[in-house]
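A short write-up of the structure that comes next.
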DNA sequence: CACGTAATAGAATATATATTCTTTTATGGT
DNA sequence: ACCATAAAAGAATATATATTCTATTACGTG
């Protein structure tokens, strides 16, 4: 079987996510990631083909973790109030998985994906497409009369919670009190003009 | 007088801002900036001491452009409705000065400032402090009963418009229709719980 | 119309860091 | 106990790019 590994592939991924969250993807050098994971530089290349591939995996992993909960909630929403619940997944995600949230919310996607292998880029594109489709479907379902429903839904369920949480990240965690503020703001965004 | 310059220092700064907005600060190499500005690499170093200093100046310049309008509007606000007007400066800024907005909204501050000369860092810190003071003053003035007024004001006037605009940046410009959505959301954020 | 100056121009150098290579080490199976 | 294997370990190399250096050029001035 050979010598046992000190860490799993997932440990390495999480270490890379922490470093990328702390200092930004550009500063997440292989040396820094290896140090965070507690393995020598050379060992990193036993796990992953390149730094770009590892960073891209970080982004996809973080996005998948967020998307899982979000898609599920939004698809089931039968009313605007239920859609507002989906907006609250962002502050919760930021509390539960700080590194992933910082990575998704405080850096640009391209900094993780530009040099990625084609296959990873495709996974990332698929995720983005799914998100846009979910938003569009929800808009069609819950805001059928609004010609700009898609934009409104995106702003209400993604933009507003994103911005509200961003006020606190990356240093702190969003306090519990802002969830009510986010819910009120998202609801107002969905209803304004409809009144 | 010596040979005349092809470009002004401000031309160089704007070129750097465009490159940083387009590809992110990490990818804004001196070569790329020089090419964008239309001057050879060596000439860049006649204007600025280092790449880090130039990028840091970009951030400060962009922040100053935004802050000028924002401070002015917020200081004068005598009511919550007037404060909501300050939230609308963000989408307007994104339309009028796309590069500066992308730079401020889609990258992390530290990527521009971490290696900056001390003096530039201080200017940036002063700007941040001023922003926080303005928010805190407005909260004390317009939300005197709310113990979390500062956070609420920050989320309503910075976070919400920031997130709403971010849905469209960096590729596009925020459409005019979202201003009403932002205003409704910001107002709801300021009033929720007070009702 | 030379002369001094300040900028252009791009080649040369230094540095940081991603990647590769070689050696060493720890485990499971025989 | 010995062997094959897979990973650790870190030194060596390659590459990208920030910075410095050495000319060259265009303008105003005496």
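The values are calculated or read from the model by the stated rules, or taken from the named source; none is laboratory data. Model, not experiment: these values are computed from the prediction. Please note: Cβ atoms are built from the backbone with ideal geometry, for glycine as well, and neighbour counts cover all protein chains shown.
Odds and ends about this structure:
- Here the condition is being modelled with pLDDT of 95 or more, more than 7 Å from chain B (Cβ to nearest Cβ), within 16 Å of the chain's Cα centre (by Cα) and over 20 Å from residue B:162 (Cα atoms); of A:130, A:137, it holds for A:130 alone.
- Scanning region B:140-169 for residues that are free of Cβ contacts under 8 Å to residues at least 60 places away in the same chain, within 14 Å of chain A (Cβ to nearest Cβ) and over 19 Å from residue B:73 (Cβ atoms) gives B:146, B:147, B:148, B:151, B:163, B:167.
- Of all residues making up region A:1-17, the number that are surrounded by 15 or more Cβ atoms within 10 Å (Cβ to Cβ) and either near DNA strand C (Cβ under 8 Å from one of its atoms) or in contact (Cβ under 8 Å) with a residue 40 or more places away in the chain (or both): 5
- Single residue of A:44, A:39, A:30, A:48 found to be under 21 Å from residue A:116 (Cβ atoms), more than 14 Å from every other protein chain (Cβ to nearest Cβ) and within 9 Å of DNA strand D (Cβ to nearest atom): A:44
- Verdict on residue A:62 being within 24 Å of residue A:129 (Cβ to Cβ), touching a helix residue (DSSP H, G or I) at 6+ places or on another chain (Cβ under 6 Å) and more than 16 Å from DNA strand D (Cβ to nearest atom): yes
- Checking residue B:116 against (1) facing chain A (nearest Cβ under 10 Å); (2) part of a loop (DSSP other than H, G, I, E, B); (3) surrounded by 19 or more Cβ atoms within 10 Å (Cβ to Cβ), the condition it does not meet: (1)
- Each residue in region A:29-60 was checked for being closer than 21 Å to residue A:170 by Cα and within 18 Å of the chain's Cα centre (by Cα), and 6 of them qualify.
- Residues of region A:31-59 satisfying the condition of being in contact (Cβ under 8 Å) with a residue 24 or more places away in the chain, within 19 Å of residue A:103 (Cα to Cα) and touching a helix residue (DSSP H, G or I) at 6+ places or on another chain (Cβ under 8 Å): A:37, A:53, A:54, A:55, A:56, A:57, A:58, A:59
- Residue ID - farthest from DNA strand D (Cβ to nearest atom), chosen from residues in region B:1-27 that are part of a loop (DSSP other than H, G, I, E, B) and away from chain A (no Cβ under 14 Å): B:8
- Residues that are modelled with pLDDT of 95 or more and within 12 Å of DNA strand C (Cβ to nearest atom) are absent from region A:57-71 altogether.
- A single entry from B:20, B:28, B:37 fulfils the requirement of being surrounded by 19 or more Cβ atoms within 10 Å (Cβ to Cβ) and within 13 Å of DNA strand C (Cβ to nearest atom): B:37.
- Checked across region B:91-101, the condition of being within 14 Å of another protein chain (Cβ to nearest Cβ), over 29 Å from residue B:29 (Cβ atoms) and in contact with a helix residue (DSSP H, G or I) (Cβ under 8 Å, 6 or more places away or on another chain) holds for at least one residue.
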